[in-house]
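S.K.: First the structure, then my questions, so here it is.
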Amino acid sequence: MKTIVTKIAAILAVTFAVTSPAAAQDTDGDGAVSLEEFQAAYPDATAETFTAADTDADGVLSEAEMAAAIDAGLIPS
Ligand SMILES: [Ca+2]
Ligand SMILES: [Ca+2]
């Protein structure tokens, strides 16, 4: 089941990478959402949620990863 969700997220990530605007959560404008920015935007979100959303495990969330996390229901839109 997790594998299917990951694949769907990957497909959506590609889709959203083309169409999504700049992430509102990226407050310093460096093109990625850090854990600090993530928790500022979603005070109830845990580091585990951040890790789950960081599908390439580079320590930050790209716009595509944010879009995928929203679509997967990890975080509210
Ligand atoms: Ca940032
Ligand atoms: Ca990432």
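What follows draws every value from the coordinates through simple rules; no lab data is involved. This is a predicted model, so every value here is computed, not measured.
S.K.: Can you work out ³J(HN,Hα) from phi for every residue in the range 55-67, in order, using Karplus 6.51 cos²θ - 1.76 cosθ + 1.60 and θ = phi - 60°, giving whole Hz and x for Gly and Pro?
M.R.: 5, 9, 6, 9, x, 9, 9, 6, 4, 5, 5, 4, 4
S.K.: How much length is gained on full extension from Asp71 to Thr51, taking 0.36 nm per residue of separation minus their Cα-Cα distance? It would help to have the intermediate numbers written out before the result.
M.R.: Working: separation 20, 0.36 × 20 = 7.20 nm, distance 1.58 nm.
My answer for the length gained is 5.6 nm.
S.K.: Each residue of the range 38-51 in turn: what ³J(HN,Hα) in whole Hz from Karplus with 6.51, -1.76, 1.60 and θ = phi - 60°, glycine and Pro shown as x?
M.R.: Along the range 38-51, the couplings run 4, 6, 5, 7, 10, x, 7, 6, 9, 4, 5, 5, 4, 4 Hz.
S.K.: Okay, next question. For Val33, which sequence-distant residues (separation of 5 or more, or a different chain) have an amide H within less than 5 Å of its own amide H, given hydrogens modelled in the peptide plane?
M.R.: Long-range HN contacts for Val33: Leu61, Ser62.
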